[in-house]
Amino acid sequence: MVDGLINANPTVYEKKERRARIPPGDVDEYAVEPIDQQEIFDHVRDIKDPEHPYSLEELKVITEDAIEVDDKQSHVRITFTPTVEHCSMATVIGLCLRVKLMRCLPPRYKVDIRVAPGTHATEAAVNKQLNDKERVAAALENPNLVEMVDECLAPSYE
Amino acid sequence: MGGSTECVKHIELYVNSSATSLQQEASVNAIATLLKNDTLNIETLVREMEMYLTTTDHIIRSRGILLLAEVLAKLTSKPLTDTSIHSLIGFFSERLADWKASRGAIVGCLALLGRKKEVGMVTDSEAKAVALSYLQNLQVQALGQHDRKLSFRLMECILDHYACAIRDLGDVLLYGICEAIDEEKDPDCLVLVFHIIESLAKLYPDPSGPLSKFAQDLFEILGSYFPIHFTHRKGEDDDNKREELSRALLLAFASTPLFEPFSMPLLLEKLSSSLPSAKVESFRYISYCTTQYGSDRMVKYAQALWSSVKEATFISPQSTVSAESELTGGMGFLDNDMMTQAFVLLQEVMQQDIIFTNLVLSDKDINIFVNSLIESTDFGDISLLLRQKLHAAGHILSVCAKSSAASCNKVFESYFPLLMNALGISPAKPSQKSYLDDDCSVFKLNFGALYLCIDFLGACRCLTAFFDNFTLVSDFANQTWCAMLHRFSGPLMKGFISFLGSNIVDSGHNAFVYLCVKGLQTLSTFPESFVPVSKHLYDCSLLMLVSIVTSEINKTFSWTSALKALVEIGLFIDNCPDSGRASSYKSTVVEKIVFLISSGDITSSSSLKLQAAYDIGATRKEFMVRIVQGLDEAIAVHFSAAYELGNLESDKLATELLDTYSNKVLPWFLETGDSEEIPIKFALGIWANIENSRCINPRPPDNASNLLGATMTAMKKAVGSCTVEGQEMIINKSYELLLESNCFESMGFQSDNCSSKLKGLQQNHNFGSSTYRYEWLISLFASVVIALRPQACIPNGKMMVQLFISAILNGHVSSAHALSALVNKLPSKITGINSFRSISLEEVLDMIFGSFFRTSSNGSMSGNDGHEIDLSGLKLDTLRIQSAKSNVVIGLAWIGKALLMRGHVKVKDITMTLLGLLMLDGNIGDSNQLQEWTEVCDEEYVPQLMKCAADSFHIIMSDSEECLNRRYHAVIRPLYKQRFFSSVIPILSSLVVKSESSSVRSMLYRAFAHVVSDAPLTAILSEAKKLIPILLDCLAILSMDVLDKDIIYNVLLVVSGLLTDRNGEEAVIGNAPRIINQLIDLTAYSQSMAIRETAIQCLVAMSELPHTRIYPLKTQVLQSISKALDDPKRIIRQEAVRCRSAWYVIS
């Protein structure tokens, strides 16, 4: 591990407003609401950054536009942007995203996670690592990593 | 003495080191009781305790002293002699030096110092001795948290109650306190510390006194706590605690002007901090300190204060666009906390010294901003930031103007001519006074100028309202602002009026419309003594606003703002009743509105017009009475048109008018009190309408028409709000009408003949179709009866009861309501022969049971007691009259509810009857009754009847809007639901176990579900263990039928109540696997989203149970929840995610 923080002083952005709940009464009981971009975003926005007490949304690691969903094909692709190019936390963030979506999405979904092109020094390596089933499974066998991921995913109760 | 041996026992128990805190408390109480009863006196107690108080074993000694102290703390109201107090306080103050036993000594001192004079209190010199001993011996910061708190409380007590005694301690006291409070960190103690400092400041108010030497030291301790901010949040009441601490610290900061040289630099420094909460706190503290330190001390900070206020409000405004922004033409902003506090501060400093006004007016930024804004004329260009700035600038300037007459003068001198110039308005010449001059009255559309102008007017209004009470009119006239206002208000008002009247209004000038309307409103609400506008102009402006309200209904924006302005003006008249304005308001506004509703052209957008009428009427009673008159006329016209001719349009309108009446007008009168006239007049009016229109439109009512329902509701509410006399008047009138209309004969019996002719009735099934008029009459009559007070007497009760009974048999539900209201309210026995009450409860019940149940001759089931209901008779009878069966059941349910609410025993009979009906099916194949039934019973009809009986439990348990509630004066015994619940549930559960037929069991569960879901949760919790298995079966059976989803939902809510309540936990743990299985089934209930959601939430609640019990179920829950992750509804998916993560962490 590196001494000190990798990005000691990140820029913090404002949060977006959340989707308001439709008041009961004017809801069509049988209408289907497909899983959409914002819903996925709601799942991942509150993941805590491994380094700072801010959420990924506040650091703009994740934005709503960086999420592509196809509910019919059961496919999601998330493109995230590390705060600095040499961020060694990129894999941890990616792992957090994957674990979170594994727990939140129905099993029929296939999830692709990648670093935004040109935002990371070892982009290809990170992408490969994040989408390799076996390496992800292996990572989740590592108790230290799992503890770190769980900490990031812990609800913040805001 | 018996007391002393007993007390020795208690002392030993207390001092014993193995005693629990509960036991100790018990012995303290016991000894205190002995002392209170005088079985033991305090000297004896001390003598008995001598060994414990003086022993060298410090544990025992400290416990002994603490015991004595706690006993004394219980005796605050028992008189003690001076000698005992003297020796006790001497003892305790000396013991303060004994650090191993200091807690007892502190508690003892506290108990004695807190005593009141009447029961013997500590003298001043003794108190001083305590203080000295405290200061010399007690190392407060070396003590534990609880002891520190106690010792701070002791110091607080000395400072509060014995201030004179310790004043001459001076430096010793101050030094001691500084030492004691330094480095304190516990929030509870800090509140006390802050209060001690506040008291100290009160003790030495002299600016050159002892405090002046210590001010810096004290503030150094104090200042380090600002701003109060918790880094480690612990629980929910953090916010409350923070609030409390912050308030205490604020009071300490402001306690003495001696702190000013230290506190102001600190606060100003914090104003520039980057933490918003620190800024908000600083503004708050400075505002309060300003009022306490005095203006001399604050003047030197003026420049710094102004620049920070400007920074927070004007340079970088943080206001957000409010939700009502649409209604205020895009200028509605919500200030954030910081801005609000900054404005408060500005207001405080402005009121202290005019120097602040000078600062604001000479400020270049504001000046340049206003000038540049005035030059740009197009509102469309103005960006959000500019609008926010304009809002802030307007606020700042109006705070200036509001603060005092002198600063108002200055503000007006510097800005008002500029604004008027920009608007192109020239002052009124003395010659042209009171008519609208077209040439000069249209102003230039300049948004910035107009906005500021309106803000200024508002500020002036506040100022005059403030001065109105204690300043002579002549004083106003000398002021510059006043003179300016007088000169310009006329032309301004003309400008507003002609702008609103012109057709520019159409083209999206909402912001201008809003401002003009607001301007008119402000100008019209200046106090009476200060009238900037002539009466003629006042009338003109009212006329303008009214014409907007009456004509421009489709332009909703101008309509709502004009209506709001009119309401404000009306309310203002009510505040200061000056007859001139009230009469012009009445003649222009109210009359026009009345004309609007009573005239024929109400048809389009009637609800808005009624809204306007009500809002304007609500400003003043006199107006409301006039409006109601108009409403009455309109109702009369439309009602008869709808009733006689079946005019659809009128039907809709009359319904709307009646709704307004029952939802708004009547509650308004009820709230304002008195005036019974209105409801009486209304009720009689409706009856008169019915009487006058002899021929009713024969067209049977189409389903869309709700006229009858609306009339009934209005009638009920009207009658309900009358007194007994008024109600009697109404019921007599309606009864007469009923007699005249031959209503009674048509129902199958002749007048005056009270013995029922049910046979005739039974053949007469065409009640609903042929005689629409009768339905009206009976329904309205029922509404009157429902709302009667218990004291009201009724004419010819027997006839009435017969009428209702036969109507019930024909399926008329309102009659069931009325009959239940009668049963609920009638006296059980008639006392005295001359009583007006013509019928008693017993008679009514006999009549009801007599007609509902045929008396049976074989008497197979009836008991000897005449009061018991003959069950077999009922069955035969109800089953024979096919069409009346379920009607009887419904009627019975209502009667049962009425009896239950008044706590009558016969409710039991009704319950048993209903239960019997519910199990009809199960009895087949049972004994000799079989033949009787199969003869008369239509097989297909039985399930329906059973269901009806089961649902009748819902009627009995639920609250009804229609009748039997407080509004309609029902007799309601407390806890009636609990009583019913606890008597019926055991029967139901035993029947469930016994029943063999599945259909009967499902009906029993249905009834059970109704009873449980309406019962109070506390009652259910006490039975939770027994109920949970039945509840689960209930859910399982009910979920088979889609139509029962509401019932399921209610039962599920009960289950979730059990899950979330701590008292239910034990019962839940015992049944955890079954509950979870059932909940899992319900998470897939496709018919209702609410059920799925609640089921998942229940599962989340289950995850809180002890892990050992639920861990085995983890995989099962996770598996089934993963299906819910793919639910079609988003909310369900969210809940499922929550549930999954809650269960995921169990390990």
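The values are calculated or read from the model by the stated rules, or taken from the named source; none is laboratory data. Just so you know, these numbers come straight off a predicted model, no measurement behind them. As a convention, Cβ positions derive from the backbone with ideal geometry for all residues, glycine included, and neighbour counts pool all protein chains shown. Areas reflect the complete protein model, heavy atoms only, side chains present, ligands, DNA and RNA absent. Shrake-Rupley method; radii C 1.70, N 1.55, O 1.52, S 1.80 Å.
Structure data summary
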| read-out | value |
| --- | --- |
| Selected residue (only one of B:Leu75, B:Leu68 is outside any helix (DSSP H, G or I), among the hydrophobic types (A, V, I, L, M, F, W, C), under 20 Å from B:Val28 (Cα atoms) and within 50 Å of the chain's Cα centre (by Cα)) | B:Leu75 |
| Qualifying residue in the stretch A:45-56 (condition: within 14 Å of another protein chain (Cβ to nearest Cβ), open to solvent by less than 10 Å² (accessible area, probe 1.4 Å) and of a type in the set (Asp, Glu)) | no |
| Per-region count, the stretch A:116-142, residues part of a loop (DSSP other than H, G, I, E, B), free of Cβ contacts under 8 Å to residues at least 40 places away in the same chain and within 17 Å of the chain's Cα centre (by Cα) | 5 |
| Residue in the stretch B:597-609 that is modelled with pLDDT of 80 or more and open to solvent by less than 20 Å² (accessible area, probe 1.4 Å) present | no |
| Matching helices (runs of 4 or more DSSP H) fully within the stretch B:1054-1147 where at least 1 residues are at pLDDT 90 or above and within 11 Å of chain A (Cβ to nearest Cβ) | B:1089-1102, B:1114-1124, B:1130-1144 |
| Given (1) under 27 Å from B:Gly903 (Cβ atoms); (2) at pLDDT 50 or above; (3) not acidic (Asp, Glu), number of the condition B:Ser886 does not satisfy | (1) |
| Yes/no for B:Val1042 being of a type in the set (Val, Ile, Thr), open to solvent by less than 50 Å² (accessible area, probe 1.4 Å) and touching a residue at least 24 places away in the same chain (Cβ under 8 Å) | no |
| Residue in the stretch A:40-59 that is in a loop (DSSP other than H, G, I, E, B), of a type in the set (S, T, N, Q) and at pLDDT 85 or above present | no |
| Some residue of the stretch A:88-105 being over 22 Å from B:Trp1143 (Cβ atoms), assigned to a loop (DSSP other than H, G, I, E, B), away from chain B (no Cβ under 14 Å) and over 15 Å from the mean Cα position of the chain (by Cα) | yes |
| Answer residue from the stretch B:938-991, given it is of a type in the set (Gly, Ala, Ser), touching a residue at least 60 places away in the same chain (Cβ under 8 Å) and assigned to a helix (DSSP H, G or I) and is most open to solvent (accessible area, probe 1.4 Å) among those | B:Ser983 |
| Residue list for the stretch B:1094-1134, filter: of a type outside the set (Lys, Arg) and more than 16 Å from B:Ile1076 (Cα to Cα) | B:Leu1125, B:Asp1126, B:Asp1127, B:Pro1128, B:Ile1131, B:Ile1132, B:Gln1134 |
| Criterion violated by B:Asp1044 - all others in (1) within 13 Å of chain A (Cβ to nearest Cβ); (2) in contact with a Lys or Arg (Cβ under 9 Å, 6 or more places away or on another chain) satisfied | (1) |
| Where B:Lys875 falls short, out of the listed (1) modelled with pLDDT of 80 or more; (2) surrounded by 22 or more Cβ atoms within 10 Å (Cβ to Cβ) | (1) |
| Tally of residues being modelled with pLDDT of 80 or more, over 19 Å from B:Lys410 (Cα atoms), open to solvent by less than 50 Å² (accessible area, probe 1.4 Å) and not polar (S, T, N, Q) across the stretch B:330-371 | 5 |
| Extreme residue, nearest to B:Ile197 (Cα to Cα), among residues of the stretch B:132-153 that are surrounded by 17 or more Cβ atoms within 10 Å (Cβ to Cβ) and either in contact with a His (Cβ under 9 Å, 6 or more places away or on another chain) or hydrophobic (A, V, I, L, M, F, W, C) (or both) | B:Phe152 |
| Subset of the stretch B:163-197 (residues that are among the aromatic types (Phe, Trp, Tyr) and buried (at least 21 other Cβ atoms within 10 Å of the Cβ)) | B:Phe194 |
| Output for the stretch A:75-115, where each listed residue is over 15 Å from A:Val44 (Cβ atoms) and surrounded by fewer than 19 Cβ atoms within 10 Å (Cβ to Cβ) | A:His75, A:Val84, A:Glu85, A:His86, A:Ser88, A:Pro106, A:Pro107, A:Arg108, A:Lys110 |
| Odd one out for A:Arg77 among (1) more than 11 Å from the chain's Cα centre (by Cα); (2) at pLDDT 90 or above; (3) away from chain B (no Cβ under 14 Å) | (1) |
| Hey, B:Asp926 outside any helix (DSSP H, G or I), surrounded by fewer than 14 Cβ atoms within 10 Å (Cβ to Cβ) and modelled with pLDDT of 85 or more or not | no |
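Okay, residues lined up against (1) surrounded by fewer than 14 Cβ atoms within 10 Å (Cβ to Cβ); (2) of a type in the set (A, V, I, L, M); (3) modelled with pLDDT under 85:
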{"position": "B:Ala704", "(1), (2), (3)": "yes, yes, yes"}
{"position": "B:Leu707", "(1), (2), (3)": "no, yes, yes"}
{"position": "B:Ala714", "(1), (2), (3)": "no, yes, no"}
{"position": "B:Ser734", "(1), (2), (3)": "no, no, no"}
{"position": "B:Ser741", "(1), (2), (3)": "no, no, yes"}
{"position": "B:Glu745", "(1), (2), (3)": "yes, no, yes"}
{"position": "B:Asn753", "(1), (2), (3)": "yes, no, yes"}
{"position": "B:Lys759", "(1), (2), (3)": "yes, no, yes"}
{"position": "B:Glu775", "(1), (2), (3)": "no, no, yes"}
